[in-house]
Amino acid sequence: MGKKLLIHNDKVPNIHTLDVYRAHGGYASVEKALKTMTPDQVTDEVKKSGLRGRGGAGFPTGMKWSFLAKPEGVPRYLVCNADESEPGTFKDRYLMEKIPHALIEGMITSSYALGAKTSYIYIRGEYFYVARIVEKAIEEAYAAGWLGKNILGTDFSHDCYVQVGGGAYICGEETALLESLEGKRGNPRIKPPFPAVAGLWGCPTVVNNVETIAAVCPIVNMGGEEYAKIGIGKSTGTKLISASGHINKPGVYEIELGIPVEEFIYSEEYCGGIRNGKKLKAVVAGGSSVPILPTELILKTAKGEPRLMSYESLGDGGFQTGTMLGSGGFIAMDEDTSIVKNLFTFSRFYHHESCGQCSPCREGTGWMERILKKILDGRGTEADVELLWDIQSKIEGKTICPLGEAAAWPVAAALRHFKHEFIDYVKNPKNIKDVKHYFRLNNLVEA
Amino acid sequence: MKVTIDGIEIDVPKGTTILQAARMIGPEVAPPTMCYHSELKTSGGYCRTCIVKVTQGSTANPNPMPKPVASCRTEVMDGMVVQNVTSPEVLEARKGVVEFLLLNHPLDCPVCDQAGECNLQDLAYGHGAANTRYEFERREFDPIDIGDKIKLHMNRCIMCFRCVKVCEQITDGRVHGVVHRGENAEISTYIEKAIDNDFSGNVIDVCPVGALTDKTFRFKQRVWFTNPMDAHRNCENPKCKGLVRLWLKGDEILRVTARKDQWDEVHDFICNTCRYDKKKKTDWVIEGPTQVNRHSVISQNHYNHLNELKVQVMKQQKALGFMDINKQP
């Protein structure tokens, strides 16, 4: 059994209430931090822990915190990014739904470290019921004195608010999230300035993922050095993985970073193998935007070493033969899956979610979707496949925010590893199976 | 601060953007722009035509920047080395951006009032491909009236956000913005509320394409058949300096616009009174013909350069011992 730090007591009845959570050792990190540590000590512990952002980019959290500008007389904010909308990722929902107090505890401890008197939890619009749960937990925390003025008799006061988004994927991008939080249209800002200097209402702001903030509690409790012992290399600690696709046991699993991918897929503790005894065809390891990898490359790196669930190992080989850990949305596909159809679904999503601010993403995402639809309709040509490659290369890296890349990478990876499938569809349209059914399911007009 | 753009070094003050530095050097190295407008704060960064490659971040940190950056929104650092036209990568990327901008553009130049003074035409001519690879239906919107003087053709819009910034920053109340998302995003007024503001007409001037056009000028004349003249008047509006450009056909003033500089940017925004109500020659003090770039199609009606050319040709002919064909017998 791997070590669990975040969701170890998710099966405890009524763990979402403050009393039960407290009885299981909750809010210990707040007590420890506020009573025995200075804010800088907390930041140091997080730095020592080597915790990396769990939202997808994997940026070291301690470093992010130390970049926060601290001018006199200007408020600082902590914003929790709970706008989890990446297809294939649902770990934050699980955490907030089951143990909302873990997030609130992390918010208080992190805010203490950053000197933020106010924090916001920006929850995705579709997670409305989750927002209710978190709001209720915040009410409980206020009533018990964990939030509000002079927490635990110290001079640290803190207010925490929940803001529900309008349901746009782009608002998960940190600057778009801040715009949306300010009540504006959720368009990403042009960086620099980074939020650490000018974020929410122009004030220094730290934006962290739900899981990152929740992970601050065990770090403070056990100490950064102890936390850094878990995991492998620079991928320290545990990570929530949302496993979905053609596996026997889909769900949210907490893993110690560094376990082999093969173990994660096939062991009974985690995914439990591919359903119906089928063979694995491909894996999207970190949410829909990271490159897809075929079986031989996801189980072993190009050098022949076993691939591990860690930031470095999954990224081994760059995008030629590697992928990213991303936000931990692990999608496994069996041998019957059509990569073209899968890619079409992803492209449709990015087309729908592009904010429309910069031209390559606004126009390119729709173009890619239409070409893929054309191929699935059986009208594609080989030139279309080449064109698809050309379009993605013209979007990648040319946009304001990473949505452009998120739209381009899956296309690039599918073409890199599964080009034969595209060519097959183009040359033998008869091989395209069940596409009418698929279009009907997705309310697409049959062409 | 020293910055090198395409191998040319220039000293610029702190806070200058790469684009401004490139413009200081000259039009040869200045990246093309569609959405950047120097008088409008926070403009730029959207269209991505001005992307350049930074091969050295600064003297202190000589690493190259990983991605191409929008030159209009990136400030220079001391010792920065930038590649614009010398980088094939940038030119290729720019070609891609032009293709994206034209993807849903109707290419209705023959019936568009902006033709001849359209930045997208110039951009496509300079950097685009000869034909499109897009074979699907283009997005379509119905043209709508924004107020009684402005027509919006959303089909032609390239989402540069300049008009939104004008409404935010130049006019008093913002009633104009972007609705919807992604490909379906469109410029619109607040629940079809018309813009009736002293300075609303400036959205026409800042529009780089024919999306926002002057209804009082629509279909009256192609711009290259008119004669632009710089003129001024004492405007009663304290915010308006009354510095305008008159577009004349004979003695008739067909339209009045703000003056644009070398980069097609407006610096003195004009009020609607100057723009729409002063259409008599007696209203204005005419300073003289506008200097139009020789490459612009508008310069067709300004024969000065042709005269120069003729003189040159005649000199050559003389030198070669030809007969002067222009001489009357």
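Among the criteria (1) charged (D, E, K, R); (2) within 30 Å of B:V69 (Cβ to Cβ); (3) more than 9 Å from chain B (Cβ to nearest Cβ), the one A:D424 does not fulfil is (2).
Within region A:267-314, can you find the residues that are in contact (Cβ under 8 Å) with a residue 40 or more places away in the chain, of a type in the set (V, I, T) and surrounded by fewer than 23 Cβ atoms within 10 Å (Cβ to Cβ)? Once the filter is applied, which keeps residues that are in contact (Cβ under 8 Å) with a residue 40 or more places away in the chain, of a type in the set (V, I, T) and surrounded by fewer than 23 Cβ atoms within 10 Å (Cβ to Cβ), region A:267-314 yields only A:I274. Residues in region A:372-411 that are over 30 Å from B:V54 (Cβ atoms), small (G, A, S) and not in a loop (DSSP other than H, G, I, E, B): 1 in all.
Residues that are closer than 25 Å to B:T42 by Cβ and either of a type in the set (A, V, I, L, M) or within 8 Å of chain A (Cβ to nearest Cβ) (or both) within region B:76-95 comprise B:V76, B:M77, B:M80, B:V82, B:V90, B:A93, listed in sequence order.
Condition check for B:H153 on (1) under 22 Å from B:I18 (Cβ atoms); (2) crowded, with 21+ Cβ neighbours inside 10 Å; (3) in contact with a Gly (Cβ under 7 Å, 6 or more places away or on another chain); (4) more than 9 Å from chain A (Cβ to nearest Cβ): one failure, at (1).
The helices (runs of 4 or more DSSP H) found entirely in region B:86-181 that carry 2 or more residues being β-branched (V, I, T) and more than 26 Å from A:E386 (Cβ to Cβ) are B:162-169. Here the condition is being within 12 Å of chain B (Cβ to nearest Cβ) and closer than 30 Å to B:E186 by Cβ; of A:A383, A:A407, it holds for A:A407 alone.
Could we say that A:K234 is modelled with pLDDT under 90 and farther than 25 Å from A:V134 by Cα here? Criteria met by A:K234. Does region A:10-30 contain at least one residue that is surrounded by fewer than 18 Cβ atoms within 10 Å (Cβ to Cβ), in the same structural domain as A:A215 (by TED's automatic domain parsing), within 21 Å of the chain's Cα centre (by Cα) and not aliphatic (A, V, I, L, M)? No: region A:10-30 contains no residue that is surrounded by fewer than 18 Cβ atoms within 10 Å (Cβ to Cβ), in the same structural domain as A:A215 (by TED's automatic domain parsing), within 21 Å of the chain's Cα centre (by Cα) and not aliphatic (A, V, I, L, M).
Residue-by-condition table, conditions (1) among the hydroxyl-bearing types (S, T, Y); (2) touching a helix residue (DSSP H, G or I) at 6+ places or on another chain (Cβ under 9 Å):
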| position | (1), (2) |
| --- | --- |
| B:S71 | yes, yes |
| B:T74 | yes, yes |
| B:G79 | no, no |
| B:T86 | yes, no |
| B:R94 | no, yes |
| B:L103 | no, yes |
| B:E117 | no, yes |
| B:T132 | yes, yes |
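In summary, B:T216 fulfils each of the numbered conditions (1) in contact (Cβ under 8 Å) with a residue 40 or more places away in the chain; (2) under 26 Å from B:K95 (Cβ atoms); (3) of a type in the set (S, T, N, Q) with the single exception of condition (2).
Can you spot a residue in region A:425-444 that is under 30 Å from A:Y311 (Cα atoms) and not assigned by TED's automatic domain parsing to the domain that holds A:K281? No, every residue in region A:425-444 fails to be under 30 Å from A:Y311 (Cα atoms) and not assigned by TED's automatic domain parsing to the domain that holds A:K281. Answer yes or no: is there a residue in region A:333-354 that is buried (at least 24 other Cβ atoms within 10 Å of the Cβ) and within 7 Å of chain B (Cβ to nearest Cβ). Yes, region A:333-354 contains a residue that is buried (at least 24 other Cβ atoms within 10 Å of the Cβ) and within 7 Å of chain B (Cβ to nearest Cβ). Against the numbered list (1) assigned to a helix (DSSP H, G or I); (2) among the charged types (D, E, K, R); (3) surrounded by fewer than 18 Cβ atoms within 10 Å (Cβ to Cβ); (4) more than 9 Å from chain B (Cβ to nearest Cβ), A:E369 comes up short only at (3).
Consider region A:223-250. How many of its residues are over 16 Å from A:S310 (Cα atoms) and touching a residue at least 12 places away in the same chain (Cβ under 8 Å)?
Of the residues in region A:223-250, the ones over 16 Å from A:S310 (Cα atoms) are A:223-226, A:244-250.
Filter once more, keeping what is touching a residue at least 12 places away in the same chain (Cβ under 8 Å): A:223-225, A:244-250.
Of the residues in region A:223-250, 10 are over 16 Å from A:S310 (Cα atoms) and touching a residue at least 12 places away in the same chain (Cβ under 8 Å).
Hand me the list of helices (runs of 4 or more DSSP H) wholly inside region A:278-361 holding 2 or more residues that are out of contact with any helix residue (DSSP H, G or I) (no Cβ under 9 Å at 6 or more places or on another chain) and either more than 30 Å from B:H105 (Cα to Cα) or not hydroxyl-bearing (S, T, Y) (or both). The helices (runs of 4 or more DSSP H) meeting that bar are A:295-299, A:311-315. Scanning region A:1-21 for residues that are in a loop (DSSP other than H, G, I, E, B), touching a His at 6+ places or on another chain (Cβ under 9 Å) and under 17 Å from A:V134 (Cα atoms) gives A:I15, A:H16, A:T17. Looking only at residues in region B:121-148 that are within 14 Å of chain A (Cβ to nearest Cβ) and more than 21 Å from A:T365 (Cβ to Cβ), the one that is farthest from the chain's Cα centre (by Cα) is B:N131. Quick check on region B:230-241. Is at least one of its residues over 21 Å from the mean Cα position of the chain (by Cα) and within 14 Å of another protein chain (Cβ to nearest Cβ)? Taking every residue of region B:230-241 in turn, none turns out to be over 21 Å from the mean Cα position of the chain (by Cα) and within 14 Å of another protein chain (Cβ to nearest Cβ). Within region A:125-145, the presence of a residue that is touching a helix residue (DSSP H, G or I) at 6+ places or on another chain (Cβ under 7 Å), surrounded by 17 or more Cβ atoms within 10 Å (Cβ to Cβ) and not in a helix (DSSP H, G or I) is excluded. Does any residue of region A:399-413 turn out to be more than 25 Å from the chain's Cα centre (by Cα) and surrounded by 18 or more Cβ atoms within 10 Å (Cβ to Cβ)? There is no residue in region A:399-413 that is more than 25 Å from the chain's Cα centre (by Cα) and surrounded by 18 or more Cβ atoms within 10 Å (Cβ to Cβ).
The values are calculated or read from the model by the stated rules, or taken from the named source; none is laboratory data. What you see is a predicted model; the values in this text were computed from it and never measured. Positions of Cβ are generated from backbone atoms using ideal geometry, with glycine treated the same way; all protein chains shown enter the neighbour counts.
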